[in-house]
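> Structure below; questions to follow.
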Amino acid sequence: MSDFAALPTSDCPPVTLPSTSNPVLLGGENRSGTTLLSVLLDSHRDLVVGPELDFTEPADLGPHILAVCDMIDVHDSRIAGATKDTIDAEWYDGAHFVMQCDRFGLGRDDLRNLVTNLIAERGTDLSGLEDRCRLIDSIGEFRRKQTGAGRWGMKLQRRIQDIGIYAAIWPQAHFIHIIRDGRDLAASHLKTVPDWGYRTVAEAAHGWLQVVTRSRQTAPDGRYLEVRYEDLVTHPRKTIERILEHLGLPWDEALLHHAEQEHALFDKPWGHPSAEAAAKPLSTGRSGRYLQDLTPGEIEEFERIAGKELEHLGYDSSMPDPGSAR
């Protein structure tokens, strides 16, 4: 099993002092369109939406971030480049966190100040979930105030399946779960990100099914919205209107022209596998890719494992009905 597929879910208890901010938290299985959705929403005049920030690694997050900032300043060779192949494994998680903050528009000096102040306030190295979320909250609020936006947003990715935890941490947050046809997701993992994605169709089917179904179990009433990737690219205006209604935000035509706006991801792709696609206008070009990229046997295997959920979400089966031959 790949490292990605083995990522644990959080079982930490809710925080004792919930945040008073109201972020927009985006979730979904990797390769589902979370990057596209984050860039699209970042185009709204009342939103500033950043990339995913890690909630779990490294253990001593605060000191690690400060050390990485110092290493970047002196061009330390251990964190050269921007990929796992170029950064020393010991420092990759911290370097990635700092680079994601940079991609969110947060300079290193500002990040240093936020981390230093929170370490002093909490008296910890920011290793626990509550302290980590406080840091992420402070980063989001800093960018919100800096840009004049009404709300900040960030990607939860597949941790959307632990939505109950984050809904308690941010009781005023809204959650948007973007769901893509799991067969297309499996094809994307196997063909596009074989170094870190799912290695087999069965892994992809079980992983997709877990993320999609677990999220609903503890989703807060009125604050959770599911959006199909296919609806977003096929009927963008209608789907975006539904998202903005969920968020209580007015219509902004810029969301239909996200590729024409300025976004840090476009200037700092750093090998992000979705950067190129997210920088293009909305298109249905990658929908149904599994019909070409997966074998009939692989499609049948996926549908055997997750076919009921595909049907529940409105996706048609590509395999013949066994009863039709009778």
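> Which residue, Gly153, Gly197, Gly222, has the most motion in a Gaussian network model of the chain that connects Cα atoms within less than 10 Å?
Comparing Gly153, Gly197, Gly222 in the GNM, the peak value goes to Gly222.
> Evaluate the relative contact order of segment 56-149 (contact order divided by residue number), counting alpha-carbon pairs under 8 angstrom at least 6 apart; express in whole percent. Before the final figure, lay out each step's value.
On the way: 75 pairs, mean separation 31.3, N = 94.
Rounded, it is 33 percent for segment 56-149.
> So, one more: Mind giving me the nanometre distance, one decimal, between the label points for Asp316 and Asp125, set 7 Å out from Cα along Cα→Cβ?
5.6 nm
> Hey, another quick one. With charges only on Cβ, +1 for K and R and -1 for D and E, what is the dipole size of segment 56-149 about its Cα centre, in debye, rounded to 20?
Numbers: 11 positive and 18 negative charges, 86 e Å.
In debye, rounded to 20, segment 56-149 gives about 420.
> Give me the dipole magnitude in Debye, nearest 20, for the chain about the Cα centre, with unit charges on the beta carbon: positive for Lys and Arg, negative for Asp and Glu. Before the final figure, lay out the partial values.
On the way: 35 positive and 51 negative charges, 136 e Å.
The calculation lands at about 660 debye.
> In the chain, if every C-alpha pair distance is counted and binned at 20 Å from zero, what percent goes to each bin?
31, 59, 9, 0
> Which value at 222 nm does the chain reach when only helices count, each DSSP H run of 4 or more adding -39,500 (n - 2.57), with the total divided by all residues and rounded to the nearest 500 deg cm²/dmol? Mind showing how you got there, number by number?
Numbers: 14 runs with 150 residues, N = 326.
So the calculated ellipticity at 222 nm is -14000 deg cm²/dmol.
> Also: At q = 0.13, 0.20 Å⁻¹, what is the log10 ratio I(q)/I(0) for segment 56-149, with the Debye formula run over Cα points and no solvent?
-0.41, -0.96
> Same structure, new question: Under 20 Å from the Cα of Lys84, which lysines turn up, not counting those fewer than eight places away in the same chain?
Lys84 reaches Lys191, Lys268.
> Right, here's the next one. Any chance you could give the angle, 0 to 90 degrees and rounded to 10, that helix 108-122 forms with the longest Cα principal axis of the chain?
For helix 108-122, the angle is close to 80 degrees.
> Further, regarding this structure: Quick check: the angle from helix 296-312's long axis to the longest principal axis of the chain, C-alpha only, nearest 10 degrees?
80 degrees
Read-outs: derived from the displayed coordinates by stated rules, not from any lab. Note that this is a predicted model, so its numbers are computed, not measured. Cβ sites come from the backbone with ideal geometry, for glycine too, and all protein chains shown count toward neighbours.
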